[in-house]
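Working notes for the structure below.
Derivation of every value follows stated rules applied to the coordinates shown; laboratory data play no part. These numbers come from a predicted model, not from an experiment. Don't worry about glycine lacking a Cβ; one is built from the backbone with ideal geometry, like all the others, and counts go over all protein chains shown.
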Amino acid sequence: MRQQWFDEARFGMFVHFGLYSGAARHEWVQNYERLTAEEYRVYFDHFDPDLFDAVALARRAKATGMGYVVLTTKHHDGFCLWDSALTDYTSVTACGRDLVREYVDALRAEGLRVGLYHSLIDWHHPDFTVDANHPRRDDAVEHERNAGRDMARYRSYLHGQVRELLTRYGDIDYLFFDFTYPEGSGGWAGKGPQDWDADGLLALCRELQPQMLVNDRLGIAADFVTPEQYQPTAPIVVDGVPQVWEACQTINGSWGYHRDNHDQKSAVLLAQMLADSVSMDGNMLLNIGPDGRGSIAPRDEAVLAELGEWMRLHRSAIVGAGHAAYPAPREGVYTRRGDRLYLHLFSWPLGYVHLEGLAGRVSYARLLNDGSWLKTSVTDPEQQATLMTPAGEAEGTLTVHLPVRRPDV
Ligand code: FHN
């Protein structure tokens, strides 16, 4: 299934928030540090997201030019950000707040599409069988790891919670399941589609929210594929069928808030990654990890504000745009919306830029210091050129978007 809103939005916000945010050192902290349930409980007991402001979050996403937001309803630690009837391991029990309710209301007030993330993995549930990714995988007594655990009971819990999310919060536009891993390490079993009853879960989604887009991480085909922390090198085509895809990227290398992470991506790099995705008919889902109090880190706010200014200037080259069948110059990418071609230059041209495909008009051009173009074959001063079909018919116009300025040499 395709949804026009998704194909047009091109740009969304991913939000990883939960108990791990208070640990401030990775959303897998319980796993990486082999924390026992008792050791990890301290983050539940102290969970107080007094600065979690869903309205401000929605407005920040909108100001950054994003068309949708995706919030972790439950991550692998099993902690639920909504008022689930199936467990007391929730934000309502911990701090009296249904954060999913606050989130969906705020998004709709800003006219944004509602996305939910839901972990298939659950290290808190007593029936989720211990596997290669489980915090308890190193327990000394192997047979006790799974003593009494019944994956069928966990499946029932999983389906029940998905039903809660898809029946209590109105229309949901997008669901990001996470994740299936059939191959275990060290001989350990992983979790395949059969462990989730993936077909049954997808059928439940179709029954309850027929318009909702579902990702590929149930381990079966659904509506879109999800390259993670890398950029495809071409439009994704499987068996001759162009795929709807969305690259999920962190703003700084971490999904959950990580106090000591300083691998911050610049707004220029993120704009280039976004243009790169759109040039291949893809979306970009950019993640932020609010801290334990629910506040967006100032360093993330600053990057999002700069990215929002770039989107204010170049929105027309991103929203509703997609792949252009012209070979782009080596310094950048093309995106195309209707009959308008946009050139995104990621680096200053080494010399004349060969704008291939603009037959008969702009074929070579030189970018001057003031951002204007010295064209060898067309004199249109407004940085416009006519797109020509191979047969020589005018096909549209080229607008050059210069997201970078020449470094002062
Ligand atoms: O293990 C998770 C990880 O913590 C994060 O949520 C990412 C986001 O796409 N998904 C899994 C790793 O692929």
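For this structure, a couple of remarks:
- Cα-centre dipole for the stretch 49-164 with unit charges at Cβ (Lys and Arg positive, Asp and Glu negative), debye to 20: 540
- All other residues whose Cβ lies under 12 angstrom from that of Y342 are scored, Lys and Arg at +1 and Asp and Glu at -1, for a net of +3.
- When the alpha carbon coordinates of the stretch 160-299 are projected onto the principal axes, the ranges are 43, 43, 42 Å, largest first.
- Listed peptides 191-198, 317-324 appear in the order 317-324, 191-198 once ranked by packing, highest mean of other Cβ atoms within 10 Å at the front.
- Taking the inverse of the mean 1/r over every pair of distinct Cα atoms in the stretch 78-229 gives a Kirkwood hydrodynamic radius of 16.6 Å.
- Fraction of antiparallel bridges per DSSP, the stretch 232-305 only, in percent to nearest 5: 25
- Segments 69-78, 221-230 sorted - mean Cβ within 10 Å per residue, highest first: 69-78, 221-230
- The stretch 172-217: equivalent-ellipsoid semi-axes (sqrt of 5 x gyration tensor eigenvalues, Cα, Å): 26, 11, 5
- Net charge over other residues, Cβ less than 12 angstrom from the Cβ of A56 (K, R count +1; D, E count -1): -1
- Neighbour-count order for T335, T64, T87, fewest beta carbons within 10 angstrom listed first: T87, T64, T335
- Taking the empirical scaling 2.2 N^0.38 Å for compact globular proteins as reference, the stretch 25-78 has a Cα radius of gyration ratio of 1.48.
- Fraction of the pair-distance distribution of the stretch 1-50 above 13 Å, Cα-Cα pairs, percent: 66
- Residue ranges 37-49, 112-124 sort as 112-124, 37-49 when ordered by packing (mean number of other C-beta atoms within 10 Å per residue, highest first).
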